[in-house]
Every structure is written in structure tokens, then in C-alpha cells.
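Just below is one structure, and these are the notes that go with it.
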Amino acid sequence: MNFTFRSHSTFPDAAIEPATFQVQQIWQQVDDQQREVSHLIDRTYRYHSVRELRWHLADRFARPIRSLALSRV
């Protein structure tokens, strides 16, 4: 499964908490078309890494982590 996402970074005080990002929109590539699937995730959650987002998507879609590819626009 291939996903493309747009995010918004947050840069809190680095001494207290590392930088995070929130997913604004996310699309799943289905054949030659992109399907928006933003409604399937909590867009208020602050991810600490793209890897964490991959794990979340793997869980949400019940897929092996290795079967997912992510790219950021």
C-alpha cells in the first residue's frame, strides 16, 4: 500500500519535548488514482516520526508494516 501525506510540523521547546507533526491530509494510492483516507486517522495526534505513522497505518489497515510505503508532499 502506498500513501502520500501532507503534514503540519510543531516545534515545541526542544528541552521539554521533541518536534512533532500532525497529518493534515493523507491519500492512499489505488491503481492510478489517489483516494483520500484522512477520515480514518486521528489528525489531532502528534506523531514523533514517519515510522510511527507507518505503524499506525499498518494497524489501521491490518497490513504488515513492510507492505506500506509513505511519502510526504
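Quick notes on this structure:
- Among the residues of region 40-64, those identified as open to solvent by 40 Å² or more (accessible area, probe 1.4 Å) and outside any loop (DSSP other than H, G, I, E, B) are LEU40, VAL50, ARG51, GLU52, ARG54, TRP55, HIS56, ASP59, ARG60.
- Odd one out for SER7 among (1) hydroxyl-bearing (Ser, Thr, Tyr); (2) surrounded by 14 or more Cβ atoms within 10 Å (Cβ to Cβ); (3) modelled with pLDDT under 90: (3)
- For region 18-72, the set of residues classified as touching a Ser or Thr at 6+ places or on another chain (Cβ under 6 Å) and either in contact (Cβ under 8 Å) with a residue 60 or more places away in the chain or under 11 Å from PHE3 (Cβ atoms) (or both) consists of VAL23, GLN25, ILE26, TRP27, SER71, listed by residue number.
The values are calculated or read from the model by the stated rules, or taken from the named source; none is laboratory data. All of these numbers come straight from a predicted model, not from anything done at the bench. Reconstructed Cβ throughout: ideal geometry from the backbone, glycine too, with neighbour counts over all protein chains shown. For accessibility, only protein heavy atoms count, side chains too; no ligands or nucleic acids. Shrake-Rupley method; radii C 1.70, N 1.55, O 1.52, S 1.80 Å.
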